[in-house]
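Asker: Quick one: the structure is below, questions incoming.
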Amino acid sequence: MNRFVELIPQQSAKYGEREALRFRDYETQVWSSITWQGFSGLIDRAAGALYMGGVEPQGRVCIFSQNCPEILITHFGAFYNRAIPVPIYATSSRDEVAYIVNDSGATILFVGDQGQYDIARQVMGDCPTLKFIVTLNPNVERQPEDKTTLTWKDFLATGDKLGKDVLDGIEKRKQEGVDSDIMYLIYTSGTTGVPKGVMLMHSNMNAAMTAHIERFHSIINDRTDVSLSFLPFSHVFELGWTMVCLCTGIRVAINYNPKEIQRAVKEVQPNYMCSVPRFWEKVYTAINDNLQGAKPVVRMMVKQAIRVGKARNLKYARLGKKAPAFIEQQYQYFEKKVFKKLRGAIGVTDGKLFPTAGAMLSDNITEFLHAVGINICIGYGLSETNASVSFFTEPGWTIGTVGMPISNIQVKIGDQNEILVKGPTVMKGYYNKPVETAEAIDTDGWFHTGDCGEIAPTGEIILTERLKDLFKTSNGKYIAPQVLETMLGQDKFVEQVTIIGDGRKYVSALIVPDFEELKAYADKKHLPYSSIEELVNDPEVHKMIEARINDYQKGLAPYEQIKRFVLLPKAFTMENGELTNTLKIKRSVISKRYRPLIDAMYAADYRKKKDKQE
């Protein structure tokens, strides 16, 4: 019997009526709870309903929804049937949903809100394996002619009155489950090509849980703690971290609306929360903005507090050493006067661990957060490795790395400095894609990540760039665009940025500014504008942004520096195909879509030189 078939009943027997999940009620928006016993009972009902719905062992069910308890209930109900959940990002387009349903051969599609239901209805006729739809949000309005959709309530009701034959059938499936069964199909939201279904087996998740709980044993020890689910469950990072929480008895608060995350953090006051770097970049920017508006004496006090915090937490605590008494005394003073209030304003007063991955986070922000007592745990991984390859080890992690590889995998550096990974957490392969699988996993079993890096003398991984993102200027110089993008991403005026320069004479950038910050700047400087287009083209605004860029890149080699840039009046979006569902830039799409603007940047430089010659 698989570990995750036994997990929730075991936790239910252990914790009973204690809270397992917390969520906002669809109607009242008030935080509500599901106990461990209640969670277990709902899973039993879902398992019965899936059985009655014709789901076969290793059959696929797709879940297309924002985060909600019903997703986890459906996942475990599928495990009881030896079936395979297929998460789909809530922001996916009609074409993406149709592709995943068809490629996976799913028979049931669970949807969240009205928009997802409408898309599901559109693809129903294009997906021959799809039998019916289940709506999770009770506020979804079903189309009058729709005869193939059940509400969540009605779906569960089909599993309430099961005969002995059905119950025996479910139990038989539980007993027959093996570690080599596929546990999840996670479709990558790659920056190029169509999504690929990553086959993660139960053995992959078992190995991941063992390694993570072993690494975090000294931190995850209070079963009254709560973790806030912020990233979507379709993201392997959030999915894996939530499994760690369920395995260790930590309560999981589920945030439904990503736009309300700041409100949710303050209300839940999480001890844990995994996130992407952009969240912490915004926190850092907000703190610094507030500090700029404070009285001089307050600014001086906070700056001194941060200096002490860095000395205590980075020089000593990071290495497991006790700080000298005079530093510890100062730190405890500033903990009460500054740090506790600062963390309280964010909503992480009693934060213990905040796993962070998915992109680069600048060393400057990492140091700042640790200085004020926010324990950011930088890590690295992919869907194909069942999330973590490495993350900070306590004590002894090193700034500038993505931590130490987890205990049960091997890591080495291959050709072109590519990071290669082997071990029990690595996927079985890509579903229905033997050629792509053979390209990704070589004959010796090494998975080729496509990421460039090196292994530090400490054994920690230093991540440098995506292999496919590296480009060469016409002068033969290699440029790592993510490094530059991470650098500029800390600036309060920069919301999004993509670096240009492949085959060009020098590096340039397309920048989407933070429009609210830009408006505030214009109002302060009394710059007239009637539209965002006018604002981003204002010479004074351009001059200000240029000065800030130059300040960031002082330490870079001349060939690495951004020589020209354009401020865009509209953000890159998933809807326009410019971002993946994990908010990564689709460089090929942007390069093609903005080609005239990019060409004009370099043509303008040519004209400028010609004018000087004349």
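The values are calculated or read from the model by the stated rules, or taken from the named source; none is laboratory data. What you are looking at is a predicted structure, and each value in this text was computed from that prediction instead of being measured. Here the Cβ is made from the backbone with ideal geometry for all residues, glycine too, and neighbour counts use every protein chain on show. Side chains included, ligands, DNA and RNA excluded: accessible areas come from the protein's heavy atoms. Shrake-Rupley method; radii C 1.70, N 1.55, O 1.52, S 1.80 Å.
Asker: Tell me, what is a quarter of the convex hull surface for the C-alpha atoms of the range 1-147, in nm² with one decimal?
Answerer: 9.0
Asker: Among the listed pairs 433/570; 295/519; 322/422, which have their C-alpha atoms separated by more than 31 angstrom in this model?
Answerer: Check vs 31 Å cut-off fails for 433/570; 322/422.
Asker: Taking only Cα atoms, what is the 0 to 90° angle, nearest 10, from helix 36-52's long axis to the longest principal axis of the chain?
Answerer: Helix 36-52 and the main axis of the chain meet at about 70 degrees.
Asker: I'd like to know which of 254, 298, 353 lies farthest towards the positive end of the charge dipole of the range 239-365, counting +1 on Cβ of Lys and Arg and -1 on Cβ of Asp and Glu.
Answerer: Result: 298, furthest along the dipole toward the positive end.
Asker: Tell me, what is the FRET efficiency for residue 18 and residue 291 to the nearest 0.05, using R0 = 41 angstrom and their Cβ-Cβ distance as r? All intermediate terms of the calculation are to be shown ahead of the outcome.
Answerer: Details: r = 40 Å, r/R0 = 0.99.
Approximately 0.50, to the nearest 0.05.
Asker: Next up: When only C-alpha pairs under 8 Å and at least 6 residues apart count, what is the relative contact order of the range 255-412, in percent?
Answerer: It rounds to 27 percent for the range 255-412.
Asker: Shifting gears a bit: Over all Cα pairs of the range 116-206, how is the pair count split among 5 Å bins, expressed in % and running from 0 up to the last occupied bin?
Answerer: Calculated over all Cα pairs of the range 116-206, the distribution is 3, 10, 12, 13, 17, 19, 17, 7, 2, 0 percent.
Asker: Can you list the aspartates and glutamates whose alpha carbon sits under 12 Å from that of residue 310, skipping same-chain ones fewer than 8 residues off?
Answerer: 328, 367
Asker: Next question, about the same structure. If 18, 504 are ordered by their accessible area, calculated over protein heavy atoms with a 1.4 Å probe, which sequence runs from highest to lowest?
Answerer: Values: 18 75, 504 50 Å².
Most to least solvent-accessible, the answer reads 18, 504.
Asker: Further question on the same structure: Take the residue pairs 131/174; 303/554; 282/303; 282/525; 266/468; 336/554 and return only those whose Cα atoms are more than 27 Å apart.
Answerer: Long pairs (Cα-Cα over 27 Å): 266/468; 336/554.
Asker: Can I ask one more? Enter the Cα centre distance for the pair the range 340-391 and the range 460-509, rounded to the nearest angstrom.
Answerer: Going from one Cα centre to the other spans 23 Å.
Asker: Only Cα pairs under 8 Å and at least 6 apart count here; give the relative contact order of the chain as a rounded whole percent.
Answerer: Relative contact order of the chain: 10 percent.
Asker: Right, another one. Full extension from residue 315 to residue 364: what is 0.36 nm times the residue separation minus their Cα-Cα distance, to one decimal in nm?
Answerer: 16.2 nm
Asker: Provide the solvent-accessible area of residue 224, counting protein heavy atoms only and rolling a 1.4 Å probe, rounded to the nearest 10 Å².
Answerer: 80
Asker: Calculate, axis by axis, the spread of Cα positions in the range 460-560 along the three principal axes, and write the results as whole Å, longest axis first.
Answerer: Here the spans come out as 46, 33, 23 Å, largest first.
Asker: Which one, 133, 600, 123, is farthest towards the positive end of the dipole of the chain when Lys and Arg carry +1 and Asp and Glu -1 on their Cβ?
Answerer: Of the candidates, 600 comes out farthest on the positive side.
Asker: Could you give the distance between the Cα centres of the range 101-151 and the range 511-558, to the whole Å?
Answerer: Taking the Cα centre of the range 511-558 as reference, the centre of the range 101-151 is 45 Å away.
Asker: In debye, nearest 20: dipole of the range 97-191 around its Cα centre with unit charges on the Cβ of K, R (+) and D, E (-)? Numbers along the way, then the final one.
Answerer: Details: 10 positive and 15 negative charges, 42 e Å.
Dipole about the Cα centre, nearest 20: 200 debye.
Asker: By how many nm would the segment from residue 102 to residue 589 lengthen if fully extended, with 0.36 nm per residue of separation less the alpha-carbon distance?
Answerer: Between residue 102 and residue 589, full extension yields an extra 172.9 nm.
Asker: Just want the answer: with Cβ charges of +1 for Lys and Arg and -1 for Asp and Glu, which residue in 383, 557, 241 is farthest toward the dipole's positive end in the chain?
Answerer: The Cα lying farthest towards the positive end belongs to 557.
Asker: If you don't mind, there's one more thing I want to ask. Got a sec? What order do 212, 542, 217 fall in by accessible area at 1.4 Å, biggest, i.e. largest, first?
Answerer: 217, 542, 212
Asker: Report, to the nearest whole %, how much of the accessible area of the chain belongs to carbon and sulfur atoms, 1.4 Å probe, protein only.
Answerer: Carbon and sulfur atoms account for 53 percent of the accessible area of the chain.
Asker: With a cut-off of at most 13 other beta carbons within 10 Å, and DSSP calling the residue loop, which trypsin sites (Lys or Arg not before Pro) in the range 541-598 qualify? Please list them.
Answerer: Taking the range 541-598 and a limit of 13 other Cβ atoms within 10 Å, the loop trypsin sites (Lys or Arg not before Pro) found are 554, 570.
Asker: Right, another one. For the chain, give the magnitude of the charge dipole about the Cα centre (Cβ charges: +1 Lys/Arg, -1 Asp/Glu; no others), in debye to the nearest 20.
Answerer: Details: 75 positive and 72 negative charges, 389 e Å.
I would put it at about 1860 debye.
Asker: For a Förster distance of 45 Å, can you work out the FRET efficiency between the beta-carbons of residue 167 and residue 147, rounded to the nearest 0.05?
Answerer: Working: r = 29 Å, r/R0 = 0.64.
E(calc), rounded to 0.05, equals 0.95.
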